[in-house]
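Structure record follows, encoded as structure tokens.
We did not get these values from a lab; they are worked out from the coordinates using the rules stated. The structure presented is a predicted model; accordingly, all values stated were derived computationally and were not measured. Cβ coordinates were reconstructed from backbone atoms using ideal geometry, including for glycine residues, and neighbour counts include every protein chain displayed.
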Amino acid sequence: MRIAVTGSSGKLGRATCLRLREAGHAVLGLDRAGQPGFDFSMIDFTDYGQTLDGLLGITARHDGLDAIVHLAAIPVNGPVPDATVFHNNMITTFNVMHAALRAGIDNIVYASSITAMGFPFAEPPAYLPLDEDSGGRSNNTYGMVKVMEEAMAGQLVRRRPSLSITALRFTNVTQQGEYQAFADRAGDPAYRRDLMWSYVDARDGAQLIDLALQHAEPGFEVYNVAASDTGLTVPSVDLARQAFPDVLLRKELGEHETLMSIDKAVERLGYRPQHLWRDELAR
Ligand SMILES: NC(=O)c1ccc[n+]([C@@H]2O[C@H](COP(=O)([O-])OP(=O)(O)OC[C@H]3O[C@@H](n4cnc5c(N)ncnc54)[C@H](O)[C@@H]3O)[C@@H](O)[C@H]2O)c1
């Protein structure tokens, strides 16, 4: 496939470009930061003219695309004012999705977030593990945009029956070099409690993006993206019982099984996380 990756200079974008190129796709990175080269062009996606032109074609780069992986966003609240997060992320996603529609691109995979499912989980969830039906609950501006983007994607596929949009609800994206910090506080239930102790290595995130592109079907679909384990050595059932004593546990949990359910991606897409922090530190 000819694939454009927005946000290609970022943490997830770099791992995604690598993975998709290794799989044999023609991959063009697009970002407002980075060094232009044969496989990368600079675009600010808040500008619709740049976005539409960039998806229709770029001389010496591409003359049409089969798919878009949309990762460009400010990935957190705080570094800039909330209104800036809203304006950048919401307009960027509208521009990319709308331009894709205009350009006739039918396969969009994009990054949503667990912030659309109630992060930082101060209120108890309805049940655990949290699955894809737990969406539509945000507690901050960044998360509100993720909820609104999912609503927008659901409407866009109604307008073009051939269009496939896949939202991947990433939890905290991690990479090599970050796992010693996990080990240092592995017995502390307060550590990364707001993430429900979940994480996902950027390479596994890229694996799921690759799988979602391959399995795209017309319509809108949502998948959680997490590692298969938590970041702690405390058994998952104890974490759940202590933090959320009244919450229904809907399955018997493995010793360190994630509370951010990945069953849907495992069953439907064949997702198999390969980069778990315990193994990475042992390597
Ligand atoms: N990092 C996480 O823990 C995490 C968790 C859940 C979801 N996500 C989502 O995953 C995606 C990628 O996150 P990341 O961790 O790689 O972030 P990152 O900050 O490392 O990368 C994001 C990239 O997007 C680019 N970008 C932002 N706005 C842009 C615009 N208007 N035009 C062009 N480029 C723009 C930035 O320059 C940057 O290179 C985002 O949508 C983020 O919301 C990330």
The ratio Rg/Rh over the Cα atoms of segment 24-115, Rh being the Kirkwood inverse mean 1/r radius, stands at 0.96
Percent of Cα-Cα distances greater than 21 Å, calculated over segment 115-251: 48
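If each residue of separation counts as 0.36 nm, what is the full-extension length gain between Gln214 and Ala282 once their alpha-carbon separation is subtracted?
Details: separation 68, 0.36 × 68 = 24.48 nm, distance 3.20 nm.
My answer for the length gained is 21.3 nm.
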Translational diffusion coefficient, Stokes-Einstein: compute it for segment 188-283 using the Kirkwood radius over C-alpha pairs as Rh, at 10 °C and 1.306 mPa s, and state it as an integer in µm² s⁻¹. 110
Compute the distribution of all C-alpha to C-alpha distances in segment 61-130, in bins of 10 Å from 0, and list the percent of pairs in each, rounded to whole numbers. 16, 37, 29, 15, 3
Once you place label points 7 Å from the Cα toward the Cβ at Leu18 and Arg250, how far apart are they in nm? 3.4
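Report, as a whole number in µm² per second, the diffusion coefficient that Stokes-Einstein gives for segment 1-59 at 4 °C and 1.567 mPa s using the Kirkwood radius over alpha carbon pairs.
Working: Rh = 11.5 Å.
This corresponds to a translational diffusion coefficient of 113 µm²/s.
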Arranged from highest to lowest average of other beta-carbon atoms within 10 Å per residue, in what order do the peptides 76-87, 195-206, 61-72, 228-239 appear? 195-206, 61-72, 228-239, 76-87
Measure out, as a whole number of angstrom, how far apart the alpha-carbon centroids of segment 242-259 and segment 145-176 sit. 27
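Would you work out the charge dipole size for the chain about its Cα centre, treating the Cβ of every Lys and Arg as +1 and the Cβ of every Asp and Glu as -1, and quote it to the nearest 20 debye?
Working: 26 positive and 35 negative charges, 83 e Å.
The dipole of the chain has a size of about 400 debye.
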I'd like to compare 88-101, 26-39, 105-118, 128-141: which one has the highest average count of other Cβ atoms within 10 Å, and what's the full order after that? 105-118, 88-101, 128-141, 26-39
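Once you keep just the Cα pairs under 8 angstrom separated by 6 or more residues, what percentage relative contact order results for the chain?
18 percent.
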Principal axis dimensions, largest first and in whole angstrom, of segment 190-244 by Cα: 41, 23, 16
At the level of C-alpha centres, the distance separating segment 42-59 and segment 87-110, in angstrom, is 11
Cβ-Cβ FRET estimate between Asp238 and Asn77, R0 fixed at 45 Å, reported to 0.05: 0.90
Bounding extents of the chain in its principal axis frame from Cα atoms, largest first in Å, are 56, 40, 38
